[in-house]
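Novice: I am attaching a structure below and will ask some questions about it afterwards.
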Amino acid sequence: MNQHSIAVDVDKVVKRYGSVTALHGVSMDIREGEFFTLLGPSGCGKTTLLRCIAGFEDVSEGSIRLHGEDIAPLPPHKRPVNTVFQQYALFPHMTVLENVAFGLLRRGWSAMDANGRAREVLALVQLSDFARRSPGQLSGGQQQRVALARALAPGPQVLLLDEPLSALDLKLRQAVRVELKQIQRETGIAFVFVTHDQEEALTMSDRIAVMSAGHVQQIGTPREIYEAPVNRFVADFIGETNLLEVEVGSVSDGMADIALPGGARLTCPAADGAQRGTGHLSIRPERITPAPAGAGSLQATVEDHVYLGTDIQLHMRLSDGEAMVVRMQNAAAAGIPERGTVLGLEVEAGAARLLAD
Amino acid sequence: MATTDLRRFTGFRAITILCLVVLYAPLVIVAVYSFNDSTSITRWGGFSFKWYADVFTGPDAPKFRAAAINSFTIAIGAATCATAIATAAAVAMNRAGRFRGKTASLALINLPLMVPEIVTAVASLIFFITIGFKTGLMTIFIAHIVFCIPFAYLPISARMQSIPDMYEQAAMDLYATPWEAFRLVLLPLMVPGILSGFLLAFIISLDDFLITNFVKGAGVETLPTAIFGSVKQGIKPNIMAISTLLLGVSVVFVTLSWIIGRAGQSKQ
């Protein structure tokens, strides 16, 4: 056993609904105590996978093991995992306290112990004063915290969260992110968090699995995912990027020799599986530095700019017609380049990355 | 698109009044004349409660009392059984996913609404005679359960459709067995629909004449058959009083059923 013990081991899971396949042999290890995010656009299979772990769906092939134990034969009520539902699903006919104590009572706790523990967890989510209220009397943010408390109360081995922040407005969502991360750290429970919001994923996760069309595209830390995307889907889905079609001269030892549009050559890191021939290069807009015309490895014309306050976004076009977005810091000294200005673009060493496809 | 103001159509007022008169004038007349002091059913002789007193203390009182007790006993019992069956059916229809014969089952549940009542009445009678079941209170009770089921089913099923299955999933996620998820979460949420269904079934049973009349057997009366029996010997004003009482009970129960159904809806 290595230093991270595995909380959930998802092994080649296939899920079919009739003729539709929602998961095509998905595998991942979710470690003890980590904040693990399933990220992808709607319909990518992330919620299906979560429901397979919770037990609301049976897997068609493959297996899911919880701390080494295959949970396939266990119905949802026998799995030591709890879920925070997207719509919270708080029982409307029970008080907040009764909601939180529900799972404890089902596990055979006495009413007194269950209420005591429920109050502790309500204190953790700062809702002690709301124990006697009915869920309908709470705001969206408060309901979300009750749902979290209810799922945490029985002390699950793994907590599953199905887009729990999507029903909140932006301000609240940002505040709850920090809180959620704190609670995860305090409880030390592995969180499996489903979201389609890449910013949410980047800010909260220890590791992220990027999914699309029922496949895992990449698993890694937020930094790895953002800075070393393996393919076009990941590069494009996480943050902003420029994807350039380039000629790849050679690839060896994870480095590629590339001809940029305009002829300049560049040596840059390559994703596993990148090959010579025509390939795609990902360059993040903030990793490009504008320079006087003639300097740098690319030449481009300014077509428009967007003023973002801290940054200025330049929409540019390369000589071969490809579009390029560049982000420059709004430093007092530098003016905003006029439309039609030709600028050189310096690509920092390591800022560009050749993708696998 | 703006909604059309129906009142602008020619003849709207005339048609409305005609409908109201046809539907409600007979009821109004019965209700008003039940307070008539005269023994005539057509001439007004002043206001009085004497026919109501007659219903409870007059020569026909024992007959009506026995019939009323039969009616309420059967209505409560049949509505309870029908509601239990309808609740089970609604759970199967709305929560069991797709299964073989689902459409057929739904048709079967609602069959009593479509088969002409006289056919059901005759068929029930023939059935009871064929299997050698002695007609009496029990046969009325069984027949009432059958035709009350669809009336109980409709509000219960409507209510269940409005309850998303995430509540039961949440319950099971929190270690509730399927039975506990039903008893502790789904059932309490269904209560408004179940009450509404029960009240509707109750009033349908209380009100039934045709099927009851066929399967009741000699000497057993419910209120509708007792009233019919009395009317055959000439209409006396006490019939109007008892009809008005029955009308009052119906209105109260149907209104209750509607209010409970609506209160449940708005809470969702």
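The values are calculated or read from the model by the stated rules, or taken from the named source; none is laboratory data. Keep in mind the model is a prediction, meaning the values are calculated, not measured. Neighbour counts are summed over all protein chains in view; Cβ atoms, including those assigned to glycine, are modelled from backbone coordinates with ideal geometry.
Novice: Only one of (1) among the hydrophobic types (A, V, I, L, M, F, W, C); (2) closer than 18 Å to A:VAL347 by Cα; (3) touching a strand residue (DSSP E or B) at 6+ places or on another chain (Cβ under 6 Å) is not met by A:ALA228, so which one is it?
Specialist: The failed condition is (3).
Novice: Here's something else I'd like to know. Residues to consider are A:LYS46, A:LYS78; find the one that is within 14 Å of another protein chain (Cβ to nearest Cβ) and among the basic types (Lys, Arg).
Specialist: Checking each option against the conditions leaves just A:LYS78.
Novice: Let me ask you something else. Taking segment A:25-53 as the search range and keeping residues that are of a type outside the set (Gly, Ala, Ser) and in a loop (DSSP other than H, G, I, E, B), which one is surrounded by the fewest Cβ atoms within 10 Å (Cβ to Cβ)? Quick ask: steps written out before the conclusion?
Specialist: Step one: list which residues in segment A:25-53 are of a type outside the set (Gly, Ala, Ser), which gives A:26, A:28-32, A:34-39, A:41, A:44, A:46-53.
Within this subset, residues satisfying the condition of being in a loop (DSSP other than H, G, I, E, B) are A:32, A:34, A:41, A:44.
Details: A:GLU32: 15, A:GLU34: 19, A:PRO41: 13, A:CYS44: 25.
Among them, the one singled out is A:PRO41.
Novice: Would you call B:THR135 touching a helix residue (DSSP H, G or I) at 6+ places or on another chain (Cβ under 7 Å) and among the β-branched types (Val, Ile, Thr)?
Specialist: Yes; evaluated as a whole, the condition is true for this residue.
Novice: Tell me, which residue of segment B:202-232 that is surrounded by fewer than 19 Cβ atoms within 10 Å (Cβ to Cβ) and of a type in the set (Phe, Trp, Tyr) is farthest from the chain's Cα centre (by Cα)?
Specialist: Per the criteria, the residue is B:PHE228.
Novice: Next question. Could you tell me which of the residues A:ALA149, A:ALA123, A:ALA201 is under 17 Å from A:LEU50 (Cα atoms) and in a helix (DSSP H, G or I)?
Specialist: Testing whether each residue is under 17 Å from A:LEU50 (Cα atoms) and in a helix (DSSP H, G or I) leaves just A:ALA201.
Novice: Return yes when B:GLY132 is modelled with pLDDT under 90, over 24 Å from B:LEU154 (Cα atoms) and surrounded by 13 or more Cβ atoms within 10 Å (Cβ to Cβ) and no when it is not. Step through it out loud before you land on a result.
Specialist: On the way: modelled with pLDDT under 90: yes; over 24 Å from B:LEU154 (Cα atoms): yes; surrounded by 13 or more Cβ atoms within 10 Å (Cβ to Cβ): no.
Against the criterion (modelled with pLDDT under 90, over 24 Å from B:LEU154 (Cα atoms) and surrounded by 13 or more Cβ atoms within 10 Å (Cβ to Cβ)), B:GLY132 does not qualify.
Novice: For segment B:131-177, which residues satisfy the criterion of being hydroxyl-bearing (Ser, Thr, Tyr), farther than 23 Å from B:MET93 by Cα and within 14 Å of another protein chain (Cβ to nearest Cβ)?
Specialist: Within segment B:131-177, the first condition is being hydroxyl-bearing (Ser, Thr, Tyr), and the residues that meet it are B:135, B:139, B:153, B:157, B:162, B:167, B:175, B:177.
When the remaining residues are screened for being farther than 23 Å from B:MET93 by Cα, the result is B:135, B:139, B:175.
If the condition is that a residue be hydroxyl-bearing (Ser, Thr, Tyr), farther than 23 Å from B:MET93 by Cα and within 14 Å of another protein chain (Cβ to nearest Cβ), then B:TYR175 is the only one that fits.
Novice: Got a sec? Which helices (runs of 4 or more DSSP H) wholly within segment B:137-200 have at least 1 residues that are more than 27 Å from the chain's Cα centre (by Cα)?
Specialist: B:166-173, B:178-181
Novice: Among the residues in segment B:192-201, are any surrounded by 20 or more Cβ atoms within 10 Å (Cβ to Cβ), closer than 29 Å to B:LYS134 by Cβ and at pLDDT 90 or above?
Specialist: Yes.
Novice: Consider A:PRO135 carefully, then state whether it is surrounded by 18 or more Cβ atoms within 10 Å (Cβ to Cβ), in contact (Cβ under 8 Å) with a residue 24 or more places away in the chain, within 14 Å of another protein chain (Cβ to nearest Cβ) and more than 22 Å from A:ALA54 (Cα to Cα).
Specialist: For A:PRO135, the condition - surrounded by 18 or more Cβ atoms within 10 Å (Cβ to Cβ), in contact (Cβ under 8 Å) with a residue 24 or more places away in the chain, within 14 Å of another protein chain (Cβ to nearest Cβ) and more than 22 Å from A:ALA54 (Cα to Cα) - is met.
Novice: Pick from A:ALA89, A:ALA118: which is within 13 Å of chain B (Cβ to nearest Cβ), in contact with a helix residue (DSSP H, G or I) (Cβ under 8 Å, 6 or more places away or on another chain), without any contact (Cβ under 8 Å) to a residue 40 or more places away in the chain and closer than 23 Å to A:ARG177 by Cα?
Specialist: Details: A:ALA89 fails: without any contact (Cβ under 8 Å) to a residue 40 or more places away in the chain.
Testing whether each residue is within 13 Å of chain B (Cβ to nearest Cβ), in contact with a helix residue (DSSP H, G or I) (Cβ under 8 Å, 6 or more places away or on another chain), without any contact (Cβ under 8 Å) to a residue 40 or more places away in the chain and closer than 23 Å to A:ARG177 by Cα leaves just A:ALA118.
Novice: Related question: Looking only at residues that are loosely packed, with under 14 Cβ neighbours inside 10 Å and closer than 23 Å to B:SER205 by Cα in segment B:88-109, which one is modelled with the highest pLDDT?
Specialist: If we take residues in segment B:88-109 being loosely packed, with under 14 Cβ neighbours inside 10 Å and closer than 23 Å to B:SER205 by Cα, then B:ALA88 is modelled with the highest pLDDT.
Novice: Just checking, which of B:ILE259, B:ILE194 is in contact with a helix residue (DSSP H, G or I) (Cβ under 6 Å, 6 or more places away or on another chain) and among the aliphatic types (A, V, I, L, M)?
Specialist: Residue meeting the stated conditions: B:ILE194.
Novice: Specify which of the listed residues (A:VAL20, A:VAL14) is away from chain B (no Cβ under 14 Å) and in contact (Cβ under 8 Å) with a residue 40 or more places away in the chain. I'd like the intermediate steps shown before the answer.
Specialist: Numbers: A:VAL20 fails: in contact (Cβ under 8 Å) with a residue 40 or more places away in the chain.
Of the residues listed, the single one that is away from chain B (no Cβ under 14 Å) and in contact (Cβ under 8 Å) with a residue 40 or more places away in the chain is A:VAL14.
Novice: Please verify whether B:ILE235 is away from chain A (no Cβ under 14 Å), over 23 Å from the mean Cα position of the chain (by Cα) and touching a residue at least 12 places away in the same chain (Cβ under 8 Å), treating the condition exactly as stated.
Specialist: When the stated conditions are applied, B:ILE235 passes them.
Novice: Restricting attention to segment A:70-111, report how many residues are surrounded by fewer than 16 Cβ atoms within 10 Å (Cβ to Cβ), assigned to a helix (DSSP H, G or I) and of a type in the set (A, V, I, L, M).
Specialist: Total meeting the criteria: 1.
To keep it simple, each residue is scored yes or no on (1) surrounded by fewer than 17 Cβ atoms within 10 Å (Cβ to Cβ); (2) more than 24 Å from B:PHE228 (Cβ to Cβ).
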| site | (1), (2) |
| --- | --- |
| B:THR10 | yes, yes |
| B:TYR24 | yes, no |
| B:GLY46 | yes, yes |
| B:PRO62 | yes, no |
| B:ALA68 | no, no |
